[in-house]
Amino acid sequence: MTYDIIIVGGGIQGVATAYELAKRGAGKILLLEKTFLTGGSTGSCAAGIRAQFGSPFNVKLMARSLEIFENMAKELECDNDYLELWQGGYLVLAYSEAEFEGLKRNVEVQHTYGLKTNVLSVEEVKKAFPRVNVEGVYGATYHDRDGHADPFHVTFAYAEAGKRLGVEIREWTPVDTLLTENGKITGVRLQDGSSVYAERVLVCAGAWTTSLLKTVGIDLPLWGEKHEILITEPWERLLGPMVISFSRGYYIQQRPHGSFIMGIPPEDPRHWYRPDEFDFSSSIDFLLRMSSEATNVLPFLKGVNVVRQWAGLYEMTPDHHHAIGPLEDISGLWVAAGGSGHGFMFGPVMAEQLSKWMMGEPMDIDLRPLSPDRFKKGALVIEPAVVG
Amino acid sequence: MDDNKVIICRCEDITLHDVRGAIEDGYDSWDKLKRYLRIGMGPCGGKTCRLLVLRELSAIKGKPLSALYLRENVIRPPLRSIPFKALEKEAHL
């Protein structure tokens, strides 16, 4: 079987890019997923979307991504209830004077790109968000278009829209090896031994990307880092914004569905390159640390029940930015992975811009600085506003 | 029997009609139904609905239950809901 483009990976990145490519007339597209759509990092993520970053690059990208989320229901022919789009803002709390100054610098960058982020004093936080415990807080920033979208439904909506445009999706179809001939990609061999062929292959396999690229001798410094999350029973709306602290690491948000979803990074993060090392077990350590932090910041949570916890992988790169673009060493091989904890929220804009790049159209936001070959050249991209 | 009146998932108010429709739309495994309908994500953690859903999948696909587990069975803790106040107390022991 021969296709124009084979995409490996059925998370937000792969599925959204399949749709965007189909929309731009990229020809016959096949998407291969090892398990089911959202079966990897997309489906275990915390579902937050925010433009409150610190580097101009990320702010620009996320400003556009928020726009795409806001218009997604129309674009993908579904509705905002299905997408569980909720824009209750992100309330970023500062726990020292220095941290507050840093957040204010980020806000200046955000203002440059047209975002209306507010800087709040402690008094203003207390007034606007009376349920938040401001003990130890020096100030905060708040951007009201940040919020939440359901990673499952967003991915499924892209998949359905892609299928309507002719994208073929095969689940439960793990890829074993990338195939090359004379330095050019020719397709992929599946784990069942059969092969599918295409002139271009795009790998969007999250933390599984590294081992796939290794099958053609490419070393990408991209690893999986285990992070844990929990979720509660649903309640009536009690909390509008995502409450987050970069220095303490926690983030807590009430979903449109009513449940509270929250996480806190591991104290001693473990890194894995090989899928056979990936560990998705849940720990009591996380559960207790999270409970302690959550009931401290939002004391009303004490009476709320935890119903489930799970673990997923951040797909990390040395500078916490995506590795996205063509690989110099093998023509026709592209990669889009390494969201470093932000893959879901960046997914829509990365898909849009990447599809333009792949189709030879001018990009609105130049992704070339995020080329996967930047690591061997030492051209890293720096972002100050991240958790963990 | 009206499948609109048969509740499969009490936590999320999902009926047999919803489940059948979702399976027809291609959400044809426990893992996908869960992510599409939220079935099994409520306080019961799937203890009420899981077998009911698997039986329906089995009947529609004509496969035995044992053939429906496409990946390792994932049960996520805690087994029963726990209030934060109990956990927070535990954390400060």
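Data overview
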read-out	value
Qualifying residue in the stretch A:216-224 (condition: in contact (Cβ under 8 Å) with a residue 12 or more places away in the chain, part of a strand (DSSP E or B) and under 30 Å from A:E267 (Cβ atoms))	yes
So A:E70, is it over 28 Å from A:I231 (Cβ atoms) and not assigned by TED's automatic domain parsing to the domain that holds A:A159	no
Where A:L66 falls short, out of the listed (1) in a loop (DSSP other than H, G, I, E, B); (2) in contact with an Asp or Glu (Cβ under 8 Å, 6 or more places away or on another chain)	(1)
Filtered residue count, the stretch B:35-51, keeping only those that are at pLDDT below 90 and aromatic (F, W, Y)	0
Members of the stretch A:281-292 found to be surrounded by 14 or more Cβ atoms within 10 Å (Cβ to Cβ) and either facing chain B (nearest Cβ under 9 Å) or without any contact (Cβ under 8 Å) to a residue 12 or more places away in the chain (or both), listed by number	A:S282, A:L287, A:L288, A:R289, A:M290, A:S291, A:S292
Meets criteria (free of Cβ contacts under 8 Å to residues at least 24 places away in the same chain, touching a helix residue (DSSP H, G or I) at 6+ places or on another chain (Cβ under 8 Å) and over 30 Å from A:G303 (Cβ atoms)) for A:V203	no
Within the stretch B:52-87, considering residues that are at pLDDT below 90 and part of a helix (DSSP H, G or I), the one nearest to the other protein chains (Cβ to nearest Cβ)	B:A67
Among residues of the stretch A:1-52, those that are away from chain B (no Cβ under 13 Å), charged (D, E, K, R), open to solvent by 20 Å² or more (accessible area, probe 1.4 Å) and assigned to a loop (DSSP other than H, G, I, E, B), counted	2
A:G339 being part of a loop (DSSP other than H, G, I, E, B), open to solvent by less than 10 Å² (accessible area, probe 1.4 Å) and modelled with pLDDT of 95 or more	yes
Single match in A:D366, A:D373 (criterion: charged (D, E, K, R), assigned by TED's automatic domain parsing to the domain that holds A:I6 and touching a strand residue (DSSP E or B) at 6+ places or on another chain (Cβ under 9 Å))	A:D373
Tally, over the stretch A:154-167, of residues that are crowded, with 16+ Cβ neighbours inside 10 Å, touching a residue at least 24 places away in the same chain (Cβ under 8 Å) and in contact with a strand residue (DSSP E or B) (Cβ under 8 Å, 6 or more places away or on another chain)	3
Which numbered condition A:S211 misses (of (1) outside any loop (DSSP other than H, G, I, E, B); (2) in contact with a strand residue (DSSP E or B) (Cβ under 9 Å, 6 or more places away or on another chain))	(2)
Test: A:A311 is open to solvent by less than 40 Å² (accessible area, probe 1.4 Å) and either more than 10 Å from chain B (Cβ to nearest Cβ) or part of a helix (DSSP H, G or I) (or both)	no
Evaluation of A:G224 against (1) open to solvent by 20 Å² or more (accessible area, probe 1.4 Å); (2) more than 14 Å from every other protein chain (Cβ to nearest Cβ); (3) in contact with a Leu (Cβ under 9 Å, 6 or more places away or on another chain) (one fails), failing number	(1)
Filtered residues of the stretch A:282-308 (kept if assigned to a loop (DSSP other than H, G, I, E, B) and closer than 17 Å to A:P265 by Cβ)	A:S282, A:S283
Conditions (1) at pLDDT 95 or above; (2) away from chain B (no Cβ under 14 Å); (3) in a loop (DSSP other than H, G, I, E, B); (4) under 24 Å from A:G136 (Cβ atoms); number of the one not met by A:G263	(3)
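The values are calculated or read from the model by the stated rules, or taken from the named source; none is laboratory data. Computed from a predicted structure; not experimentally measured. Glycine also receives a Cβ, built like all others from the backbone with ideal geometry; neighbour counts cover every protein chain displayed. Note: areas computed on protein heavy atoms with side chains; ligands, DNA, RNA excluded. Shrake-Rupley method; radii C 1.70, N 1.55, O 1.52, S 1.80 Å.
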